[in-house]
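Student: Take this structure, written in structure tokens, and hold onto it; I'll ask about it next.
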Amino acid sequence: MVEKATGNVVGEAVLNEWDPDNEGCGFRISFVPGAQGRGLGTEATRLIIGYGFEKLALHRISLEVYAFNPRARRVYEKVGFVLEGVLRDALLWEGERVDAAGMSILAPEWFRHRGRPERAGHTPA
Ligand SMILES: CC(C)(COP(=O)(O)OP(=O)(O)OC[C@H]1O[C@@H](n2cnc3c(N)ncnc32)[C@H](O)[C@@H]1OP(=O)(O)O)[C@@H](O)C(=O)NCCC(=O)NCCS
């Protein structure tokens, strides 16, 4: 991702682990520290998830987010990712075991709210 205002590379947003048989893939995103907390993550997530559904005709995009990352989870929920379940003690991090939340968004959901579930009055199942 390149910030328009400065031309600086500020991070990456990636559709990965493409599963053509099931029309699915994963998603990950990461900014350099100075670019965080300014709304860019929300904007970039909307853009790439929209690209996945509208241009690539994916059906499902999924991810995992660790419990120590509420900011990332907030971004995913804002854009319409729905919690599927918790992978308990999925990570051993500096001696502590950490849960991961499994989340996904499906094409019909995307086309109902286009990355703004709150505005569309969309309530996740
Ligand atoms: C996670 C990441 C992509 C989010 O992008 P960002 O540009 O920082 O996020 P935004 O500014 O668009 O939005 C952050 C939201 O989280 C909220 N937030 C921030 N800290 C929070 C916290 N501790 N708990 C809950 N919500 C929090 C903000 O208030 C904002 O929500 P709002 O718009 O409703 O107010 C970015 O911070 C990042 O690259 N982090 C490091 C790498 C990483 O964690 N990647 C994700 C791995 S799953």
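Student: Can you tell me which residue is farthest from Glu64 (Cα to Cα) among those in region 18-34 that are within 14 Å of the ligand (Cβ to nearest atom) and assigned to a strand (DSSP E or B)?
Tutor: Phe31
Student: Could you grab me the full set of residues in region 30-70 that are touching a residue at least 40 places away in the same chain (Cβ under 8 Å), hydrophobic (A, V, I, L, M, F, W, C) and closer than 30 Å to Glu96 by Cα?
Tutor: Ile61, Leu63
Student: For region 76-93, give me the residue count where each residue is within 12 Å of the ligand (Cβ to nearest atom) and within 26 Å of Pro20 (Cα to Cα).
Tutor: 4
Student: Looking for whichever is in a loop (DSSP other than H, G, I, E, B) and among the β-branched types (Val, Ile, Thr) here; the options are Thr6, Thr45. Which one fits?
Tutor: Thr6
Student: Identify the single condition in (1) touching a helix residue (DSSP H, G or I) at 6+ places or on another chain (Cβ under 8 Å); (2) away from the ligand (no atom under 12 Å from the Cβ) that Ala101 does not satisfy, given that it satisfies every other one.
Tutor: Answer for Ala101: the failing condition is (2).
Student: A further question on this structure: Just one of (1) more than 11 Å from the chain's Cα centre (by Cα); (2) more than 8 Å from the ligand (Cβ to nearest atom); (3) surrounded by 12 or more Cβ atoms within 10 Å (Cβ to Cβ) trips up Ile48, so point out which.
Tutor: So the condition that Ile48 fails would be (1).
Student: Take Arg60 and decide whether it is modelled with pLDDT under 95 and either under 25 Å from Lys4 (Cβ atoms) or crowded, with 16+ Cβ neighbours inside 10 Å (or both).
Tutor: In short, no.
The values are calculated or read from the model by the stated rules, or taken from the named source; none is laboratory data. From a predicted model like this one, the values you see are computed outputs, not experimental measurements. As a convention, Cβ positions derive from the backbone with ideal geometry for all residues, glycine included, and neighbour counts pool all protein chains shown.
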